[in-house]
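Report on the structure given below.
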Amino acid sequence: MSFRKILVANRGEIACRVMRTARTLGYRSVAVYSDADAGAPHVALADETVRIGPAPAAESYLNIAALLAAARKAGADAVHPGYGFLSENAGFARACIEAGLVFIGPPAAAIAAMGDKAGAKRRMIAAGVPTAPGYLGEDQSDARLTREAETLGYPLLVKAVAGGGGRGMRLANSAADLPEALAGARREALAAFGDARLMLECLIPQGRHIEIQVFADAHGNAVHLGERDCTTQRRRQKVIEEAPSPIVTPAMRAAMGRDAVAAALAVGYRGAGTIEFIVDQELRHYFLEMNTRLQVEHPVTEMITGLDLVEWQLRVAAGEPLPLRQDEIMFSGHAIEARLYAEDPYSSFAPQTGTVLHFRPEAALRPGVRIDSGIAEGGMVTPFYDPLLAKVIAHGRDRNDAIRRLMAALEDAPLLGLVTNGRMLRDLVDHKSFRAAQMHTTLLDEWATDGEDILQRPQPSEADWQLAAAIFAGEAGWRSNSVAGFDLALMCGDETRNTRVGAGETAAHPQLHTNENGRLRYAQDGVTRHTSVHREGDVLHLAHDAAVFAFREASPFPATETRHDPLTARAAVAGTVARLEVAAGDTVRAGQTLAVIEAMKMEMRVTAYAAGTVAAIRVLLGQQVEAGAILIELSIEESPCLPTTKPSSPAP
């Protein structure tokens, strides 16, 4: 099973992560890229690169034939799948082996066994691993699923049998929710996995999501590397992960570790895998699923163990035994990972696209801080892939140390150019519920409904307005020692205000010293500070405490507003037309779903602003559209309401 050159069948930060370890061990790496990623960091990092197709994942990163052809062209003799895309596709693993390539992952049979979530739960029941109650049957009719749901009771989860990473999953709080949950989960499961089968699972109320990292080799050895707490989620998608869990006792760790290893051995596992459990309020754990790949959150395990899990993957794939026995694995300190997403947490976590104008992660690096990213300044964030931009990981002697370092890192490495969840992450790890380890898997969703403060859009301070005014004035040639003063009209978000620059007691007097590569040094109110800024066209992006504000000079001419036009239904984000719910001539009611746009693996509903009639459909099913594109034209019968476009399903 020896190999020398590894094709990484992935993109972004995980591709970079694998390549760095491969290089330290003396392996050559091959990057594959779509047209959207030709200039991406993972392409620059690799020893060799091969184009595999157009931007859509189905035509590139999910194209098995193209990936195998790339391996042949480059002379690769091994394939690392990363996570996402084909990483848990048994057919891909089998195709690699049949092509004479070493697959750096578990056997295809183990992937298939655990990839069928219903079958996996049956195996776990047979192995004595506790599982949550649910329906795992072959009868997939709505009538049977409805009867089983009534027997199980609500709330419950509708889950894709072939699913993973939150894809094909819907929550049904009541019988009224079930029809749409079944339809949505089926549709998404078929699109993501080519398999529309569903299962039902009782929702553990206020549960905690705890997972165990396992490793097995080809010599019959299997160990666990402790737990990760992934409870802090939004719409079943992980946001913050930490190790160890603040609620897991040594006895729990031992019990969950034993069950996780038993689960891996039950399917003849090899390599890195994760057994996911849900833990109830009585601290009882239940098997959810096994992820037969490296997890996004693996760095927190690396931080507390001092181990390189990709190195372990490569050694196991080469036929070596596990580097350590169970009693040799030690844990030290506490680590927390925050996922930096291209999304707007203050607008229903809507996905965002655009250009990365400023991102300097090196500014945040200090002992105990690690940032894994696959983006670079000037790069485009497109609607074709997952919205994960980077992972910010902090390690400390204890949990408070890790939180403090993580908050500082998020403040020191803001991303400018498009909206991210950076400020929300900083506020989240400092929230009283997080600090007290009182999170549960649906708490963020409840906060979104209840209007919790950390999900309210931050506003620039008076000092931010003054600094922005000073920057605009300075670029216009004004000098801080000028005796002449003037009013500068600036806009930020929905607010416009006049700021006096240069004269008078209320004037803004920040002293601008140096601006080196977007790092501005300035003095204000007797204190010299630094912040990140970037001017792009007429927009000034300014960072403050992990928040980024976009200022521009107010125009004397009124802007033409098209977003709230009741006669047109527009795409809120760039993406693909996944569904068209109406046809020309249909009568619609206010709030009715007209179309669904898929962007970054999330579905966005486009709804009617008011009751009326569909005048024309301007797009085709499967068409790529830009943000703001007209999808449907309406004739309105009553006064329009505000738009109600919102995300309706999670991203993996």
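What follows draws every value from the coordinates through simple rules; no lab data is involved. The structure displayed is predicted, hence computed values, not measured ones. In this analysis, Cβ positions are derived from the backbone assuming ideal geometry, glycine residues included, and neighbour counts consider all displayed protein chains.
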### Task
Please give every one of the lysines within straight-line cross-link reach of residue 121, meaning a C-alpha to C-alpha distance under 27 Å, and leave out same-chain neighbours fewer than 8 residues apart.
159, 238, 601
### Message
Can you work out the Karplus-derived ³J(HN,Hα) for every residue in segment 111-128? Use 6.51 cos²θ - 1.76 cosθ + 1.60 with θ = phi - 60°, whole Hz, and x for glycine or proline.
### Response
4, 5, 5, 8, x, 7, 4, 5, x, 4, 5, 5, 5, 5, 4, 5, 8, x
### Message
Which residue, 84, 46, 119, has the largest displacement toward the positive end of the dipole of the chain when charges sit on each Cβ (Lys, Arg +1; Asp, Glu -1)?
### Response
46
## Note on the structure
HN-Hα couplings for segment 329-340 via Karplus (6.51, -1.76, 1.60; θ = phi - 60°), in whole Hz with x for Gly/Pro, come out as 8, 10, 10, 9, x, 9, 10, 9, 10, 10, 8, 7
### Task
Report, by chain and number, residues whose modeled amide H sits under 5 Å from the one on residue 632, excluding near sequence neighbours (fewer than 5 apart, same chain).
569, 618
### Query
Counting other C-beta atoms within 10 Å, which of 432, 73 has the fewest, and how do the rest follow?
432, 73
### Query
Over the alpha carbons of segment 17-70, what is the largest minus smallest coordinate on each principal axis, giving the biggest first in Å?
32, 22, 15
### Message
Ranking request for peptides 454-462, 74-82, 611-619: highest mean number of other beta-carbon atoms within 10 Å first, then the rest in descending order.
### Response
74-82, 611-619, 454-462
## Note on the structure
segment 371-477: spread of alpha-carbon positions along the three principal axes, whole Å, largest first, is 53, 34, 34
### Message
For a quick check: with amide H placed at 1.01 Å from N, whose amide H comes under 5 Å from residue 32's, ignoring anything fewer than 5 positions away on the same chain?
### Response
8, 10, 50
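For segment 133-202, what number results from the quotient of the Cα radius of gyration and 2.2 N^0.38 Å?
0.96
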#### Entry: Overall form of segment 5-104 per C-alpha gyration tensor (a/c, 1.5; a/b vs b/c)
rounded
### Sum of -39500 (n - 2.57) over DSSP H runs of 4+, divided by residues of the chain (222 nm, nearest 500)
-7500 deg cm²/dmol
### Task
Report the chymotrypsin sites (Phe, Trp or Tyr not before Pro) located in segment 1-53 that are in a DSSP loop and have at most 11 other Cβ atoms inside 10 Å of their Cβ, or state none.
none
### Message
For a test of the definition: using alpha carbon positions, the gyration tensor, and the 1.5 limit on a/c, classify segment 257-302 as rounded, prolate or oblate.
### Response
oblate
### Message
Using 10 Å bins from zero, what percent of all Cα-Cα pairs in segment 208-455 falls into each bin?
### Response
7, 31, 35, 21, 6, 0
### Summary
proj_area_mean for the chain (convex hull on C-alpha atoms), units nm², value 30.4
### Task
Starting with the highest mean, order 55-65, 392-402, 268-278, 131-141 by the number of other Cβ atoms within 10 Å, averaged over the residues of each peptide.
268-278, 392-402, 55-65, 131-141
### Query
To the nearest Å, what is the center-to-center distance of segment 349-426 and segment 120-169, using C-alpha atoms only?
36
### Query
Roughly how many debye, to the nearest 20, is the charge dipole of segment 208-455 about its Cα centre, given +1 on each Lys and Arg Cβ, -1 on each Asp and Glu Cβ, and no other charges?
200
#### Entry: Mean Cβ count within 10 Å, highest first, over the residues of peptides 213-222, 541-550
541-550, 213-222
### Sorted by Cβ density within 10 Å, fewest first, the residues 580, 365
365, 580
### Query
Size of the dipole of the chain about the Cα centre, Lys and Arg at +1 and Asp and Glu at -1 on the beta carbon, nothing else charged, in debye to 20?
1440
### Task
Using Cα positions and a limit of under 17 Å, work out the aspartates and glutamates in reach of residue 73, with same-chain residues fewer than 8 apart set aside.
47, 48, 98
#### Entry: Phi-based couplings in Hz for segment 408-414 (Karplus 6.51, -1.76, 1.60; Gly and Pro marked x)
5, 5, 5, 6, 7, 10, x
